[in-house]
Amino acid sequence: MEKIVIKGGKPLSGNIYASGAKNAVLPIIAASIVGTGTSIIKNVPHLDDVTTMNELLIQMGVRLTINDTTNVEICADHIHNPRAPYETVKTMRASILALGPLLTKYGKAEVSLPGGCAIGARPVDIHLKGLEAMGAKIKVENGYIIAKADRLQGCQFYMDKVTVTGTENLLIAATLAKGETILENCATEPEVVDLTRYLINMGAQIKGIGTSILKIQGVKTLHGCEHNVIPDRIEVGTFLVAAAATGGKITINRANPEDLESVLIKLREAGAEISTTKDSISLNMHGKRPKPVNINTAPHPAFPTDMQAQFCTLNAIADGYSIVTENLFENRFMHINELIRMGANITVAGKQAIIKGVKQLNSAQTTATDLRASASLVIAGLVAKGSTEIFDIHFIDRGYEVIEEKLNQLGANINRISY
Ligand code: EPZ
């Protein structure tokens, strides 16, 4: 077993590079299934979730090699097992992204129904309704989604909720469907845009990239291509909040400020001085204590739910009251109890966390509960005086590449200890 030990109290300073985006590379690797020939996906982060997705495709029969530190070469011409088994799906919900690609290319798919997770029930009803609207026959047996379709038919489909992977699954499925598909109320997250760019590079006919209405003209085949994954805006946002919380000054290279507009606005409101170029973001907190900022999570371009936990930590030491409202997931305040154990003054009432900033957090032994909650605890450890320990750190390895190395490069004192 391993734990992270952080000796806090030092402002972060220096430069780091952003890694490729987890939530872009996962749908892109899944989408490579619909290609004929080889795709080379570049700037792929080394994350447990990416390893799981790679293994999922390999056990289907996909030829997948990591041909240097960040490039993955994929040929999906010989899939003999269009199936995503329970043991894989239960460790990574994004395995549901294999459903649309398998169904549209092979006419059948067996994907374990993803259960809920720490942050909520995480239903996939919209994924299934959309595929049925395209003519798929879908039943759920023994916890598996069994889907069949001779050839999916284009249709007009309105998604009742803005769903990122729902949009991605249906978009990929529509690329090889017969005729035109119009998807309405689509997610417009940068990761959805990156997937759309990859599909268009494969020869897909898609109009409305980056908007909530996507029009897809189905084609007979798609070819492999090279694709550079966008930087991970949530990793970037996490490091910026860590720098703001510790009163530091950092620059993150290979970061796209346009993908983080709402987060940069909130960091400026918290008192950070921010400057940007087309591929970097610099933050200087000038040693100041942050001002409290109210947060309301919502689909892009509004404030991202994946940055909510990190801002709870920033607000926990801010100079005044703030309210953080989580509108997407019903149980995404698991980090709050751990922050309270470190001296934070937070009350949760339904979808809202009411935070009264305190001057100082105290180090403690804490436990991670989900990916972004673990990031909020790392930030709390960087701020607290003394030595904070974080257990169950496998969560953090799902979504942050070599987080200790990057933080130590910025002057932190954080180590991974086996015990
Ligand atoms: C994606 O999850 C991300 N994961 C999540 O990031 C992110 O928090 C979430 O989008 C919201 O931005 C990946 O991209 C791999 P949703 P996803 O479908 O697609 C409801 C992280 O930390 N809904 O956009 O599963 C759902 O209950 C992870 O990196 C339905 O009701 O989220 C939620 O309330 C965590 N029916 C809302 O939509 C459906 O069929 C948004 O969920 C699908 C979703």
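Out of curiosity, is Thr91 within 16 Å of the ligand (Cβ to nearest atom), assigned to a loop (DSSP other than H, G, I, E, B) and open to solvent by 10 Å² or more (accessible area, probe 1.4 Å)? So Thr91 fits the description; yes. Screening Glu110 against (1) within 15 Å of the ligand (Cβ to nearest atom); (2) charged (D, E, K, R); (3) touching a residue at least 24 places away in the same chain (Cβ under 8 Å) leaves a single unmet condition, (1).
Of the strands (runs of 3 or more DSSP E) entirely within segment 1-58, those holding at least 1 residues that are at positive phi and surrounded by fewer than 24 Cβ atoms within 10 Å (Cβ to Cβ) occupy 13-17.
Residues checked against (1) crowded, with 24+ Cβ neighbours inside 10 Å; (2) in contact with a Phe, Trp or Tyr (Cβ under 7 Å, 6 or more places away or on another chain):
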{"site": "Thr175", "(1), (2)": "yes, no"}
{"site": "Gly179", "(1), (2)": "no, no"}
{"site": "Asn185", "(1), (2)": "no, yes"}
{"site": "Ile200", "(1), (2)": "no, no"}
{"site": "Leu214", "(1), (2)": "no, no"}
{"site": "Gly224", "(1), (2)": "no, no"}
{"site": "Val229", "(1), (2)": "yes, no"}
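Yes/no matrix, rows are residues, columns are (1) within 16 Å of the ligand (Cβ to nearest atom); (2) open to solvent by 40 Å² or more (accessible area, probe 1.4 Å); (3) within 14 Å of Lys10 (Cβ to Cβ):
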position: Ala373; (1), (2), (3): yes, no, no
position: Ser376; (1), (2), (3): yes, no, no
position: Val383; (1), (2), (3): no, no, yes
position: Ile414; (1), (2), (3): no, no, yes
position: Tyr419; (1), (2), (3): no, yes, no
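Restricted to helices (runs of 4 or more DSSP H) entirely inside segment 300-387, those with at least 3 residues that are free of Cβ contacts under 8 Å to residues at least 40 places away in the same chain are 334-341.
Only residues that are assigned to a strand (DSSP E or B) and within 12 Å of the ligand (Cβ to nearest atom) were counted across segment 119-144, and they come to 1. Of Thr104, Thr167, Thr181, all but one fail to be more than 21 Å from Leu371 (Cα to Cα) and within 12 Å of the ligand (Cβ to nearest atom); the exception is Thr167. Against the conditions (1) open to solvent by 50 Å² or more (accessible area, probe 1.4 Å); (2) under 22 Å from the mean Cα position of the chain (by Cα); (3) at pLDDT 95 or above, Ile403 satisfies every one except (1).
For (1) closer than 18 Å to Leu371 by Cα; (2) out of contact with any Lys or Arg (no Cβ under 6 Å at 6 or more places or on another chain); (3) more than 9 Å from the ligand (Cβ to nearest atom); (4) open to solvent by 20 Å² or more (accessible area, probe 1.4 Å), each residue gets a yes or a no:
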{"site": "Ala302", "(1), (2), (3), (4)": "no, yes, yes, yes"}
{"site": "Leu314", "(1), (2), (3), (4)": "yes, yes, yes, no"}
{"site": "Glu330", "(1), (2), (3), (4)": "yes, yes, no, yes"}
{"site": "His335", "(1), (2), (3), (4)": "yes, yes, yes, no"}
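The values are calculated or read from the model by the stated rules, or taken from the named source; none is laboratory data. What you are looking at is a predicted structure, and each value in this text was computed from that prediction instead of being measured. Heads up, the Cβs are rebuilt from the backbone with ideal geometry, glycines too, and the neighbour counts pull from every protein chain shown. For accessibility, only protein heavy atoms count, side chains too; no ligands or nucleic acids. Shrake-Rupley method; radii C 1.70, N 1.55, O 1.52, S 1.80 Å.
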